[in-house]
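> My questions all concern the structure below.
Quick note: the coordinates plus some simple rules give every number you see, no bench work behind them. On a predicted model such as this, the values are computed, not experimentally measured, just so you know. Here Cβ is always computed from backbone atoms with ideal geometry, including for glycine, and neighbour counts include all displayed protein chains.
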Amino acid sequence: MARSDPQNHAAGGDVEASGRRQFLKRSAFASAAIGAATLPTAANAADAAANLPPNVPEWMKAQGAGFLNPPYGQPSPFEKGVVRKLPDAPAAFPSATRTPLQNLFGTITPNGLFFERHHGGVPAINPDAHRLMVHGLVDRPLLLSMNDLMRYPSVSRVHYLECSGNSAAEWFRPAGKTAQDIHGLVSCAEWTGVPLSIILDEAGVKPEGKWLLAEGADAAAMTRSVPLDKAMNDALLVYAQNGEMLRPEQGYPVRLFLPGFEGNMSIKWLRRIKVGTAPFHTREETSKYSDLMPDGSARQFTFVMDAKSVITTPSGGQKLLQQGFHEISGIAWTGSGRIRAVDVSVDGGRTWREATLQGPVQSMALTRFRLPWRWNGEPAILQSRATDETGYTQPTRSQLIAVRGQNSLYHYNAIQSWRVAAGGEVTNVHA
Ligand SMILES: Nc1nc2c(c(=O)[nH]1)N[C@H]1C(S)=C(S)[C@@H](COP(=O)(O)O)O[C@H]1N2
Ligand SMILES: [Mo]
């Protein structure tokens with residue numbers, strides 16, 4: 001089939017994935033108007049043809065492989081290019097890896113591809129040796145083992161998580177090449193855990209308690225202040241992700257999860273919650289995670305992530321192999337509830353069409369959008385623009401910069417532009 005060159009796939013899984021979609025469409029529509037089949041490029045094209053219908057392929061003539069040992073499943077070896085992106089330069093200390101958004105489907109990020117952001121590396125924590133302490137302005141301080149925590153009533157909810165530093169390099173120039181480079185610090189999962197309100201009620205927050213301090217058990221001792229309202233409303237103490245216990249890199253054995261808030265506040269490896277009267281002004285909310293404005297003032301406690309979207313197919317680094325039908329598809333999200341609409345432009349924002357949203361559209365979760373498109377082979381600029389249930393619409397780059405200036409790093413949510421060249425190559429541009 002089209003997937004005939006695994007080396008090429010490893011180097012640029014996005015291009016190859018686009019080839020695969022072409023192949024699937026050809027299969028579905030047989031020899032209809034979609035376009036002529038591309039022959040495999042492998043040297044052994046004759047062998048490949050011998051495995052195509054109506055012939056019986058080699059792999060039907062012998063017993064298949066046995067079970068894996070260790071018996072934890074892995075993707076097909078032909079998908080080996082679909083991986084988290086490590087930092088470009090080997091760093092003394094690990095910082096972040098990015099999700100290959102252009103290779104994913106639907107809205108759930110597989111656990112092995114969920115982005116990572118660590119300020120002090122990943123601690124190795126034996127859950128039996130871990131405790132969550134709840135203290136400060138409470139009637140009954142708690143010291144909870146994982147067994148204690150997991151006895152409380154639990155919920156499962158689908159939510160995205162985005163680092164507020166996502167897309168930060170785009171403040172200045174078109175820096176990233178792929179959706180993974182530019183938007184890969186967002187992922188989405190089904191989280192399971194105990195509502196924080198249950199644990200706070202158990203401890204009994206005193207009337208003067210208004211803010212929490214949440215602290216992680218990593219070398220960074222990542223520490224943030226959380227308003228009590230948020231803690232009582234929808235915050236979770238999460239121990240499972242997409243049906244299995246958290247991965248070490250996502251905060252095993254327990255993390256705080258604050259839906260719709262900047263990722264930094266969802267403290268991993270959570271060891272301590274202290275109730276106080278006011279914010280604690282920790283390092284991570286004074287020197288970092290504040291936004292320097294054009295007038296020299298700094299915005300602090302910018303918790304809610306504004307609406308954002310990106311077209312993942314086609315996207316930077318991919319190549320349209322032929323003219324004619326292509327499905328434009330991408331993801332949209334907002335920290336203010338549900339996505340209400342996504343508009344798509346193929347002419348750099350002059351005209352817009354409303355995309356179809358894949359339901360159910362869940363609150364503070366990635367939402368998949370799709371729009372059919374016929375590419376006439378001429379250069380095009382593809383954009384998506386998300387509007388959320390509050391009526392807020394994702395800004396253009398110039399609208400965003402007009403308000404925020406270019407002194408800050410966090411909370412870049414401008415409309416992304418992908419240029420499709422006449423040859424089909426897709427690149428990141430600032431339109
Ligand atoms: N204890 C601890 N919690 C942390 C961090 C950290 O370095 N240490 N990084 C934060 C940041 S900046 C982000 S964006 C998210 C990333 O979560 P993930 O690695 O599960 O994607 O975790 C947050 N929680
Ligand atoms: Mo982050």
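> With loop defined by DSSP as not H, G, I, E or B, and exposure as at most 11 other Cβ atoms within 10 Å, which is the longest segment of the chain clear of exposed chymotrypsin sites (Phe, Trp or Tyr not before Pro)?
After excluding every exposed loop site, the longest remaining stretch is 173-431.
> From zero up to wherever the largest Cα-Cα distance of the chain sits, split into 20 Å bins and tell me the percent of pairs in each.
Reading the bins upward from 0: 24, 52, 22, 2.
> Considering just Cα atoms, how many Å³ per residue does the convex hull of the stretch 316-431 enclose?
Looking at the stretch 316-431, the number lands at 111 Å³ per residue.
> Quick one: in the stretch 59-190, what % of C-alpha pairs are over 22 Å apart?
Within the stretch 59-190, distances greater than 22 Å cover 60 percent of Cα pairs.
> Taking the Cβ of Ile339 as the center, what net charge do the other residues with Cβ under 15 Å away carry, scoring Lys and Arg +1 and Asp and Glu -1?
0
> Given the alpha-carbon gyration tensor of the stretch 199-301, what are the semi-axes of its equivalent ellipsoid in whole angstrom, ordered largest first, with each equal to the square root of 5 times an eigenvalue?
Over the Cα atoms of the stretch 199-301, the ellipsoid semi-axes are 23, 19, 12 Å.
> Residues with beta-carbon under 15 Å from that of Ala380, excluding Ala380: net charge, scoring Lys, Arg +1 and Asp, Glu -1?
+1
> Still on this structure: What number, in percent, do you get for the relative contact order of the chain if the mean sequence gap of Cα pairs under 8 Å and at least 6 apart is divided by its residue count? Could the numbers behind the result be given before it?
Values: 964 pairs, mean separation 63.7, N = 431.
Answer for the chain is 15 percent.
> Among Val122, Ala278, Leu142, whose Cα projects farthest towards the positive end of the dipole of the stretch 116-298, with charges put on the beta-carbon of Lys, Arg (+1) and Asp, Glu (-1)?
About the Cα centre, the residue reaching furthest to the positive side is Leu142.
> Could you sort out which of Lys80/Lys177; Lys288/Lys308; Lys85/Lys274; Lys210/Lys268; Lys85/Lys230 sit more than 24 Å apart by Cα distance in this structure? All intermediate terms of the calculation are to be shown ahead of the outcome.
Working: Lys80/Lys177 20 Å; Lys288/Lys308 22 Å; Lys85/Lys274 35 Å; Lys210/Lys268 22 Å; Lys85/Lys230 32 Å.
Beyond 24 Å: Lys85/Lys274; Lys85/Lys230.
> Compute the longest continuous run of the chain that contains no exposed trypsin sites (Lys or Arg not before Pro); treat a site as exposed when its DSSP state is not H, G, I, E or B and it has at most 12 other Cβ atoms within 10 Å.
152-349
> Where nothing but the Cβ of Lys and Arg (+1) and of Asp and Glu (-1) is charged, how large is the charge dipole of the chain around its Cα centre, in debye to the nearest 20?
The calculated dipole for the chain is roughly 260 debye.
> In addition: Can you tally the net charge around Ala421? Count Lys and Arg as +1, Asp and Glu as -1, for every other residue whose Cβ sits under 10 Å from the Cβ of Ala421. Present the calculation step by step, with values, prior to reporting the outcome.
Working: positive: Lys319, Arg419; negative: Glu378, Glu425.
Around Ala421, the surrounding residues sum to 0.
> Would you mind pulling out the separation of the Cα centroids of the stretch 248-318 and the stretch 195-210, in Å?
What the calculation gives is 22 Å, centre to centre.
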